[in-house]
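Q: Okay, handing you the structure first.
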């Protein structure tokens, strides 16, 4: 009798085939979506790598009349030049080298230059290599910029012989100074908003723009370093060189800085050898410490420089 009953075998097979087809289609869609996401991430990081490492050359022009500076052009070993402004100070008062941040130029340091000029220091502001009016075809995040720092310090020692020299570096400028490992060392160093390692710098910037997923994209950005800048991420770790800098250090950063966090700033401070000082500027963001509170900046930084450059420690 059962042979006359309707069978569901065919419909069940059709259903199973349909489920399999839908599952396979879903998997293909997911795989395609993932592949597209990976491709977009690679293209995004490639574009970011090109933008960040591209030279930031521009016309800077003449120094403000109030600064009373003269134009200087310094030759680099192996070719190229560094452009800058030099202010002659009062003999015996000391000299200050000012180093700007990433993709900026010497004009970023004008307020600091005026501060130190008014205090009697000789002052030298430069455009780091591949920035402003200095030569260079790629930004190297401190590596080749370090050669510019050493050449500039040599010029400054010749321009004001016998003067003790202090250096104030912001972000890239701070990293370039530490990577330069200058010899002889400066009499005092102020490191503002410096990255501890290029890996942490890349992760922070990607997280700022893309959220938590950004940190996972850092390797896609960093693998381009040897191709674009001729330097590896392992070579861009200024925190590892701090202990051997041989100079008193003031480590400064803003509490609202997301490029170099407070925790990273404390790590940098701990890595520096004594004498060392830490200044966390409440509410300040990346690289704006002087603009954020000019009076506090003058009091804290000028006092540090006074003790170690002018008073000899």
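Q: Tell me which residues, restricted to segment 226-253, are out of contact with any helix residue (DSSP H, G or I) (no Cβ under 8 Å at 6 or more places or on another chain) and without any contact (Cβ under 8 Å) to a residue 12 or more places away in the chain.
A: 226, 227, 234
Q: Scan segment 230-276 residue by residue and report those that are under 14 Å from the mean Cα position of the chain (by Cα), under 20 Å from residue 180 (Cα atoms) and loosely packed, with under 14 Cβ neighbours inside 10 Å.
A: Within segment 230-276, none qualify.
Q: Next question, about the same structure. For residues in segment 88-103 being touching a strand residue (DSSP E or B) at 6+ places or on another chain (Cβ under 6 Å) and farther than 20 Å from residue 154 by Cβ, which is surrounded by the fewest Cβ atoms within 10 Å (Cβ to Cβ)?
A: Residue satisfying both the conditions and the ranking: 103.
Q: Just to be sure I understand, how many residues within segment 207-225 are in contact (Cβ under 8 Å) with a residue 60 or more places away in the chain and either in contact with a strand residue (DSSP E or B) (Cβ under 6 Å, 6 or more places away or on another chain) or under 19 Å from residue 264 (Cα atoms) (or both)?
A: Result for segment 207-225: 0.
Q: Next up: Which condition number does residue 111 fail, the rest of (1) in a helix (DSSP H, G or I); (2) crowded, with 22+ Cβ neighbours inside 10 Å being met?
A: Unmet condition: (2).
Q: What number goes with the only condition from (1) without any contact (Cβ under 8 Å) to a residue 12 or more places away in the chain; (2) farther than 23 Å from residue 194 by Cβ that residue 88 does not pass?
A: (1)
Q: Taking the stated definitions as given, is residue 202 modelled with pLDDT under 95, farther than 24 Å from residue 88 by Cβ and buried (at least 24 other Cβ atoms within 10 Å of the Cβ)? It would help to see each step written out before you state the result.
A: Details: modelled with pLDDT under 95: yes; farther than 24 Å from residue 88 by Cβ: yes; buried (at least 24 other Cβ atoms within 10 Å of the Cβ): yes.
Yes.
Q: Hey, another quick one. Would you confirm whether or not segment 189-199 contains a residue that is in a helix (DSSP H, G or I), at pLDDT below 95, surrounded by fewer than 21 Cβ atoms within 10 Å (Cβ to Cβ) and on the phi < 0 side of the Ramachandran plot?
A: yes
Q: Kindly indicate the residue of segment 44-87 that is in a loop (DSSP other than H, G, I, E, B), in contact with a helix residue (DSSP H, G or I) (Cβ under 8 Å, 6 or more places away or on another chain) and surrounded by 16 or more Cβ atoms within 10 Å (Cβ to Cβ) and also modelled with the lowest pLDDT among those meeting that condition.
A: 76
Q: Do any helices (runs of 4 or more DSSP H) entirely within segment 238-313 hold 1 or more residues that are under 19 Å from residue 200 (Cα atoms), and if so, which?
A: 262-271
Q: How many residues does segment 149-163 hold that are touching a helix residue (DSSP H, G or I) at 6+ places or on another chain (Cβ under 7 Å) and either crowded, with 20+ Cβ neighbours inside 10 Å or assigned to a strand (DSSP E or B) (or both)?
A: Taking segment 149-163 as the starting set, the residues that turn out to be touching a helix residue (DSSP H, G or I) at 6+ places or on another chain (Cβ under 7 Å) are 149-150.
Now drop any that are not either crowded, with 20+ Cβ neighbours inside 10 Å or assigned to a strand (DSSP E or B) (or both), which leaves 149.
Summing the residues that are touching a helix residue (DSSP H, G or I) at 6+ places or on another chain (Cβ under 7 Å) and either crowded, with 20+ Cβ neighbours inside 10 Å or assigned to a strand (DSSP E or B) (or both) in segment 149-163 gives 1.
Q: So residue 135 passes all but one of these: (1) crowded, with 24+ Cβ neighbours inside 10 Å; (2) touching a strand residue (DSSP E or B) at 6+ places or on another chain (Cβ under 9 Å); (3) part of a loop (DSSP other than H, G, I, E, B). Which condition number does it fail?
A: Failed condition: (1).
Q: Could you tell me whether residue 172 is buried (at least 24 other Cβ atoms within 10 Å of the Cβ), in contact (Cβ under 8 Å) with a residue 60 or more places away in the chain and within 24 Å of residue 284 (Cβ to Cβ)?
A: Yes; evaluated as a whole, the condition is true for this residue.
The values are calculated or read from the model by the stated rules, or taken from the named source; none is laboratory data. Just so we're clear, the structure is a prediction, and the values are computed from it rather than from any experiment. Positions of Cβ are backbone-derived with ideal geometry, glycine not excepted, and every protein chain shown enters the neighbour counts.
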